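In what follows, a structure is listed as structure tokens, so that the remarks can point back to it.
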Amino acid sequence: MTDSSTVSRPAPSQGSSKETAGTPSPLFRTRISGTGSYLPEKLLTNADIEKLVDTNDQWIRERTGIEARHIAADDQATSDLGLIAAQRALEASGLKPEDIDLIIFCTVSPDHVMPSAACLLQKKLGARHVMSFDLSAACSGFIYGLSIADQFIRTGVHKHVLVVGAEVLHRYVNYQDRETCILFGDGAGAVIASRATDNQDSRILSFHLRADGNLGDLLLLPAGGSAIPFSQNVLDQNLQYVQMKGREIFKNAVRAMSETSQEALDTNHLSIDQIDWLIPHQANLRIIDAVGRHFGIPAEKVVINVQHTGNTSAATIPIALDEAVRDGRIKREQMVLLTAFGAGLTSGSLLFKV
Ligand code: UT7
């Protein structure tokens with residue numbers, strides 16, 4: 001028995017052809033019909049960061065694995081990055097914006113407090129006036145979002161759901177704090193979650209999601225919300241920037257991603273050798289290696305791109321997924337396990353068959 005929000009069901013048969021929105025049929029399954037990603041052109045290298053704080057390339061590589069992060073241009077906001085990733089995912093799926101039934105935009109760095117980045121994306125994409133909302137679960141956001149998309153598809157309410165993970169984190173980072181400024185970058189990834197219509201066995205098999213608000217102060221952005229609205233005092237104390245207790249986050253990240261990954265195996269009665277790819281949240285190479293070791297998966301089955309992206313929070317998993325799909329590593333029929341951890345503290349895993 002776990003305290004995660006969990007869903008796992010046997011492979012369902014295809015549902016009936018009745019498709020009235022709002023009258024759910026429980027017999028559909030969800031496949032990922034397209035992926036896309038976008039990384040801004042500008043790079044912030046370790047050499048650049050050496051000029052800002054007391055650190056060095058060797059320390060950053062050894063302790064994090066990161067070599068460079070992408071940084072959005074001055075005129076790019078989070079929905080702009082999400083737009084390009086979404087367009088690429090649509091193209092890959094062979095769908096058009098008007099085919100999308102729901103937009104879930106996973107981010108902790110939306111363009112504005114309101115309106116949502118999802119509504120901005122709906123307009124920029126030229127999608128129909130469909131339900132669109134932001135989802136705030138930090139680095140676990142994409143897995144949370146994909147699990148919600150799965151529910152709308154399983155129940156027959158929707159056919160195609162756009163799930164975006166996008167962040168412009170560099171605007172929330174204090175480039176005088178050497179513990180955080182080495183980690184974060186900007187980027188966007190997107191998938192189209194679609195009702196499976198063919199005879200193949202593609203589907204989301206399970207998700208295991210957690211939240212533990214007791215540990216929320218380990219990673220937070222204090223100001224800008226209703227608790228601490230913007231003021232001169234906020235700026236004087238740098239409360240507009242991310243604050244992190246790195247060592248504690250590190251330990252909790254390894255534990256939560258290892259446990260929720262194991263839950264996915266146990267629930268689906270799978271052994272580790274039946275997993276083709278593990279795509280963990282890309283925060284730190286040492287965290288990824290530790291999760292791989294705990295979980296017992298060979299290093300060559302772990303998708304890693306943190307070296308060139310840094311930590312892009314909700315965007316890390318869909319970016320890594322898209323890269324591995326496009327370079328041919330991830331293929332039809334394979335089993336892919338996603339696992340994430342982030343502020344909240346949130347965490348989780350999601351298992352799907354391609
Ligand atoms: O998406 C989730 C968000 N965040 C994370 O996942 C981050 C998780 N945590 C981490 O990745 C690591 O804890 C860090 C990379 C942030 C820090 O690495 P660490 O191996 O845990 O270092 P530490 O905090 O134990 O610090 C070791 C030493 C300290 O010096 P003293 O006290 O031993 O003299 C730090 O002051 O390293 C020092 N240090 C640095 N030195 C050079 C901390 N940051 C830096 C730096 N350059 N950038």
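General observations
- Selection status of Leu146, on the phi < 0 side of the Ramachandran plot, in contact with a Lys or Arg (Cβ under 8 Å, 6 or more places away or on another chain) and not β-branched (Val, Ile, Thr): no
- Of all residues in the range 100-156, those that are closer than 16 Å to Ser194 by Cα, within 16 Å of the ligand (Cβ to nearest atom) and surrounded by fewer than 22 Cβ atoms within 10 Å (Cβ to Cβ) total 0.
- Condition check for Ser258: within 23 Å of Tyr144 (Cβ to Cβ), in a loop (DSSP other than H, G, I, E, B) and either within 12 Å of the ligand (Cβ to nearest atom) or not aliphatic (A, V, I, L, M) (or both): no
- Pairs linking a residue in the range 201-228 that is without any contact (Cβ under 8 Å) to a residue 24 or more places away in the chain to a residue that is assigned to a strand (DSSP E or B), with Cβ atoms under 8 Å and 6 or more positions apart or on different chains, are Pro222/Gln243.
- Ala290 satisfies every condition listed in (1) under 21 Å from Trp59 (Cα atoms); (2) of a type in the set (Gly, Ala, Ser); (3) surrounded by 20 or more Cβ atoms within 10 Å (Cβ to Cβ) except (3).
- Those residues of the range 305-330 which are in contact (Cβ under 8 Å) with a residue 40 or more places away in the chain and over 14 Å from the mean Cα position of the chain (by Cα), in sequence order: Gln307, His308, Ala324, Val325, Arg326, Arg329, Ile330
- Among the residues making up the range 213-237, those that are assigned to a loop (DSSP other than H, G, I, E, B) and surrounded by 14 or more Cβ atoms within 10 Å (Cβ to Cβ) are Leu221, Pro222, Ala223, Gly224, Ile228.
- Number of the condition not met by Gln237 [criteria: (1) within 16 Å of the ligand (Cβ to nearest atom); (2) without any contact (Cβ under 8 Å) to a residue 12 or more places away in the chain]: (1)
Condition check ((1) more than 16 Å from the ligand (Cβ to nearest atom); (2) farther than 30 Å from Val354 by Cβ; (3) modelled with pLDDT of 95 or more; (4) in contact with a Cys (Cβ under 7 Å, 6 or more places away or on another chain)) across all residues:
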residue: Asn199; (1), (2), (3), (4): yes, no, no, no
residue: Ile204; (1), (2), (3), (4): yes, no, yes, no
residue: Leu220; (1), (2), (3), (4): no, yes, yes, no
residue: Ala223; (1), (2), (3), (4): yes, yes, yes, no
residue: Ile228; (1), (2), (3), (4): yes, yes, yes, no
residue: Asn233; (1), (2), (3), (4): yes, yes, yes, no
residue: Lys245; (1), (2), (3), (4): no, yes, yes, no
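- Any chance Thr267 is farther than 13 Å from Leu183 by Cα and buried (at least 21 other Cβ atoms within 10 Å of the Cβ): no
- Yes/no for His294 being part of a loop (DSSP other than H, G, I, E, B), over 29 Å from Ala85 (Cβ atoms) and over 21 Å from the mean Cα position of the chain (by Cα): no
- Single condition Gln176 does not satisfy, out of (1) closer than 26 Å to Leu351 by Cβ; (2) polar (S, T, N, Q); (3) not in a helix (DSSP H, G or I): (1)
- Enumeration of residues in the range 111-150 that are more than 24 Å from Ala320 (Cβ to Cβ), assigned to a helix (DSSP H, G or I) and out of contact with any strand residue (DSSP E or B) (no Cβ under 6 Å at 6 or more places or on another chain): Leu120, Lys123, Lys124
- Verdict on Ala290 being at pLDDT 95 or above, farther than 23 Å from Gly165 by Cα, touching a helix residue (DSSP H, G or I) at 6+ places or on another chain (Cβ under 7 Å) and within 15 Å of the ligand (Cβ to nearest atom): yes
- Unmet criterion (only one of (1) away from the ligand (no atom under 14 Å from the Cβ); (2) farther than 16 Å from Thr312 by Cβ; (3) at pLDDT 95 or above) for Val168: (2)
The values are calculated or read from the model by the stated rules, or taken from the named source; none is laboratory data. As the structure is a prediction and not an experimental result, all values here were calculated from the model. All Cβ positions, even for glycine, are placed from backbone atoms using ideal geometry, and neighbour counts span all protein chains on display.
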